[in-house]
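Since the structure comes first, as structure tokens, the remarks are kept for the end.
The values are calculated or read from the model by the stated rules, or taken from the named source; none is laboratory data. All of these numbers come straight from a predicted model, not from anything done at the bench. Please note: Cβ atoms are built from the backbone with ideal geometry, for glycine as well, and neighbour counts cover all protein chains shown.
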Amino acid sequence: MISTRDKLIHTTAALIRRKGYFGTGISEVLAEVGVPKGSLYHHFPDGKDELIKAAIQYGGENQMMRYGVALKGKPAIEGLNAMVDVMIDDLLSSDFKDACPITAVAAVASSMDETIRVACEQIFKGWQDDLSGYLLRRGVTNAHQKAQQLYTMFEGAFVLSQAHKDVKFLAIQKTYIPIILKS
């Protein structure tokens, strides 16, 4: 059985993807979970920012696990294409409403509590490090630099695809993957 704390985190993570940091209200989270306000402060004594940090950490780990499944056992180009397909599926299955679970907060993080900005930074670095390790295990030279290039491309393409409601910005990344890997 899922704990109240986990329900708060999972619900907040889903709302952040859909509504961003400022659109995710504590009242809505509490109503969806079906708990009183005291439950929030029982599990997250520092309030909304502590809950947001836990939610983006959960969202980041969950997304990386989904990428890991897409990458698992595949050669680099095939795996990276599958990773892009995960992003495309996220947009299509949500009718372009769900943002990247980290970008939805990172875009405004500099105007918020520094711990949230740092949490976003750590998640992005963790994703890049995981991808770098994947590339290294596939014999790709300059794996760390290429992982940074790929994540920069993918995040930008995700945002553009969402803004335009058109996955072509992500789909075109598949043509650049072999170019980056061979450079």
Per the filter on segment 162-183, residues touching a residue at least 40 places away in the same chain (Cβ under 8 Å), within 13 Å of ASN81 (Cβ to Cβ) and loosely packed, with under 14 Cβ neighbours inside 10 Å are PRO178
Say whether the condition of being more than 25 Å from LEU181 (Cα to Cα), outside any loop (DSSP other than H, G, I, E, B) and at pLDDT 95 or above is met by at least one residue in segment 69-77. no
Scan SER111, SER27, SER132 and give me the residue that is touching a His at 6+ places or on another chain (Cβ under 6 Å) and free of Cβ contacts under 8 Å to residues at least 40 places away in the same chain. SER132
Per the filter on segment 17-52, residues under 23 Å from the mean Cα position of the chain (by Cα) and among the hydroxyl-bearing types (Ser, Thr, Tyr) are TYR21, THR24
The conditions are (1) within 20 Å of HIS144 (Cα to Cα); (2) surrounded by 18 or more Cβ atoms within 10 Å (Cβ to Cβ), and GLN122 fails exactly one of them. Which is it? (2)
Part of a helix (DSSP H, G or I), within 17 Å of GLY20 (Cβ to Cβ), in contact (Cβ under 8 Å) with a residue 12 or more places away in the chain and small (Gly, Ala, Ser), is that true of ALA104? yes
Can you name every residue in segment 144-161 that is of a type outside the set (Ser, Thr, Tyr), surrounded by 20 or more Cβ atoms within 10 Å (Cβ to Cβ) and more than 14 Å from the chain's Cα centre (by Cα)? LYS146, ALA147, LEU150
Members of segment 16-63 that are assigned to a helix (DSSP H, G or I), surrounded by 17 or more Cβ atoms within 10 Å (Cβ to Cβ) and in contact with an Asp or Glu (Cβ under 6 Å, 6 or more places away or on another chain): ARG17
